[in-house]
Structure formats: structure tokens, C-alpha cells
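Contents: one structure, followed by commentary.
Nothing in this text is a laboratory measurement; each read-out follows from the coordinates by a stated rule. Please read all numbers here as calculations on a predicted model, not as lab measurements. Every residue, glycine among them, receives a Cβ derived from its backbone with ideal geometry; neighbour counts consider all protein chains shown.
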Amino acid sequence: LTIIYNTAHDPLSASVGFAILGGAVTWKLVLEFKESFIKANLIGRDLAKVDKPIIPESTGVICAAIYLLCIFLFIPFPFMEWFTGKGIISRSEEFHAPTFPHHKLGEFLSAMLSLQSMTFLGFADDVFDIKWRYKLLLPAIASIPLLMVYYVNFGVTHIVVPIPLRFIFGRIIDLGFLYYVYMGMMAIFCTNSINILAGINGVEIGQSLIIACSIAINDFLFLNGADPAMEVHLFSLYFILPFIGVSLGLIIHNWYPSSVFVGDTYCYFAGMTFAVVGILSHFSKTILLFFIPQIFNFIYSCPQLFKLIDCPRHRLPRFNPSTLKLEYSKVKVQKPLKPSAHFVLKIFVSFGLAETNEVENSIEINNFTLMNLLLLRFGPLHEKTLTILIMVLQILASCLAFIIRYRLVHFFYEG
Ligand code: UD1
Ligand code: MG
């Protein structure tokens, strides 16, 4: 009883409790619903196995549903003091007593609305295979509730210019409307960048878990009562901790050899969780630092995403059944190449990012993804080894992010 009483008065402990509970429930439900997913034809073939088995897909929807349920149940906790007396006093305006923090509640509600919309979009994508142009736009629309709350609560649209650029822009520039465009683009980036660093067992959740843990570690650095940023970091933790819980529950089934696939549902849900936290907690730049591998993968993919070079439906690595290892996959492009494609290819080859092979009147090029690049450089690898390698890279990137954020930052900003 004491534990329950204390937990009710300490939202952070409640959040940890929901994370553990959410993880356990996700693990159990995925186990129980596997067959139902197959019956509902929510399936995908595991392309990196000898017999390409049929695997239930989109189980990220269970994970996202349990997560949202945890957040629903959690909402009263940060406001507990208002239900236990203080709220009644506050309704009397004579004493200028504090009023209920509607803006905080607004943040929670808008975050949940955006997260729910993205889960819905991801699930629709798994079922109907939505076209890329819509997939790009919809996360920005789903983030409008967040942007509205941001406008009403903070409305800060200026940025402090890094010291080396101040001779051009001055100390502060007000981006105005562009700041909202930037935040909308962040939602597009976070969701899609996880979805395109995907395709081998465990990699979607693996990268998301490392990003989430990095955000949580960063939040804990600010939890010493005196820090003015403590409140926003607590808000971030309330969203990130249950995310870590449900993701752990799902990765048990998705780790090599996967018995379920997470689907686009999970990728969008995970990306939106990071965007929500970044936007409403004001540290979108720090969050983007944790996305270094995804930023690299996105920039590297651009020639294919923007159709300079053909982009096949799947760019995931190719499974070689005789060695049981993954090799980099290739795309065949007809000659002659467009001049712009030729130019990009020349640069990529000179930086060791591309390998070409001429066959008759076409040319074979490795697909431009981080996974294929690792296979190109470090030879054929076992699927599990490649997932672990990506995760190690993600951890190293987070270490670099912390160094930039807490050490090198002094070269760019004062104080
Ligand atoms: C994105 C990538 C695509 C990549 C795919 C893999 C771009 C532009 N798109 O497309 O190149 O091939 O993700 O997820 O970069 N799968 C496995 N093993 C896994 C996970 C997935 O074989 O561990 C396969 C399954 O057949 C599964 C399919 O990938 O059905 C899922 O692909 P989907 O999420 O629909 O692809 P996109 O997100 O459209
Ligand atoms: Mg996908």
C-alpha cells in the first residue's frame, strides 16, 4: 500500500511502473495474437532465410496500442496534486492561487493525438501500401496538433546562431513560420528515416531502443531539482520510458530469428514518439544528434529516393543461400546514365561509397543504404552480425552526440 501511495504521488515511479507493465503485456499479447495476424493476412516473407518463411507483420500495432493505453492511464499522475486539495483552492481567484496547468494537459493530449494518427497511418501503410508521396506528407499533417500547442504554449521561433556564423546572421534570427515548417519536417524525417533503415531482423526496434535510451540518459542529466529544464525533461521521460518498455517487449519476438515483423506501424510510431518529445520538450536539435546514422542513411539514399538512380521496391541486403550470409544488393540501371546520375556516381565511387559493374548495355550499382555499404566494406556478414553492427554504430553515434552536445557545444555557443 505504501508503494502504491508513493507511486501515485511520484509520476516518474508511475511511469517506470507503466513501462514494465507495458513491456510484459506487449510480450504476452504478441505471443497470443501471432496466429490472428496470419489469419488476417497481415504477413510478410522473411527474405533473408533459406525457405523465406511467412511471418506475421505489423505487430508494431500491438506495441503502439499498449503504449497509448499506458499513456492514457498515466495522464492523471502528473496532475495528482490537483485532485488532492490544491486544485480546490486554486479555483478561487481571490488569492491569485495557481490555476490548473491546462497547457500541460494540452501537451499530453496533442502528443497522444499525433501518436495515434501516425500509428493509424503506419497500419494503413502495412495494409494498403501507401504511395511514397503521401507517406512523406502525412507525418507533417499529423504533427499539426503538436505545433498548435507549441504555438500557444511557447511560440518561440527564434534560434541562437552558432558563434562561427554570427558575422553573417547576427546573434539571433527569428525563423517565424519557417520554424513550424522545420518542426513538421522533423516529424517527416524521424518517421521515414527509421522506416528506410530497415529490412533485417531486429534492426527497426534495435535502433529505436538505442535512440530512446540516449534520450532518457540525456533527460536524467537534468533531474536535479534546481535545473530549470527539469520539467521538460520529466515530460520527455514520461513518453520515453513506456516506449522503451513496450519496445523491449516486442524485440524479444523480433530479434534474430524473427518470429514477428514490426511493420511500418512500428517505424512510424517510434519516429513520431521521438518527434513529439523533441518538439514539446524543446530539444529537437539534441534528438537529431541521436539520429546521425539515420541522417547519413537518408542523405546517402537521396539519389535513389529522388529517382536519379532507379529505386527498386526493396533495397534490403541480398541473402546468399549457399553461404547463409547477407551480401550487398544491387540495382541494374540502363546506360547511358543521366548526367546528374553520372555525376553523383562519380563522387560516390571516389569516396568509396559505390561500386559499379558494367554488364552489356547496363550498369550494376550497389543500393545506397547504410546496410549495403557496411556489407560492401566488411564483406558478407551473417544477418545477426549486421544487426549488431548497426546497433554498435548507433551507440557510437550516441556517444559522439553526447560529446558534441556537452563538450564541443562551447565552440558554437557561449555559456
Ligand atoms: C523500406 C525500404 C526498402 C526495404 C524495406 C525493408 C526504401 C526507400 N525503402 O521500404 O528498400 O527493402 O523498407 O523493410 O529504402 N523484411 C525482411 N526481414 C525483416 C524485416 C522486413 O525480410 O527483418 C521484409 C519482409 O518481406 C517484409 C518487408 O521487408 O514484408 C517490409 O517491407 P516494407 O516495410 O513494406 O517496405 P518499405 O517500408 O516500403
Ligand atoms: Mg517499412
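So if I take the centroid of the Cα atoms in region 314-338 and the same for region 367-415, what is the distance between those two points in Å? Cα centroid of region 314-338 versus Cα centroid of region 367-415: 23 Å apart. I need the helices of the chain that pass two filters: whole DSSP H segments spanning 24 Å or more by Cα along the axis, and mean Kyte-Doolittle score no lower than 0.0. Span-like helices, by this rule, are 11-39, 102-128, 177-195, 203-220, 230-254, 263-280, 383-403. Cross-link partners for residue 285 among the lysines, with Cα-Cα distance under 27 Å and sequence neighbours closer than 8 places in the same chain left out: 104, 135.
Residue order for 405, 377, fewest other beta carbons within 10 angstrom first, comes to 377, 405. Residue 121 sits among other residues whose Cβ lies under 11 Å from its own Cβ, and their net charge, with Lys and Arg +1 and Asp and Glu -1, is -2. Listing 126, 227, 51, 264 from fewest to most neighbouring C-beta atoms within 10 Å gives 51, 227, 126, 264.
Region 256-312 and region 115-151 have their alpha-carbon centroids 14 Å apart.
With the charge dipole of the chain set up from +1 on Lys and Arg Cβ and -1 on Asp and Glu Cβ about the Cα centre, the Cα lying farthest toward the positive end among the listed residues 31, 100, 402 is that of 402.
Show that you can apply the helix-only estimate: for the chain, add -39,500 (n - 2.57) for every DSSP H stretch of four or more residues, divide by all residues, and state [θ] at 222 nm to the nearest 500.
-20000 deg cm²/dmol, from helical runs alone.
Within straight-line reach of residue 52, meaning a Cα separation under 24 Å, sit the following lysines at least 8 residues removed in sequence or on another chain: 34, 39, 325, 330, 332, 384. Between residue 361 and residue 229, full extension at 0.36 nm per residue minus the direct alpha carbon distance yields a gain of 41.5 nm. Taking residue 49 as the anchor, which aspartates and glutamates have their alpha carbon closer than 14 Å to its alpha carbon, excluding any fewer than eight residues away along the same chain? Within the straight-line limit of under 14 Å, residue 49 reaches these aspartates and glutamates: 327, 383.
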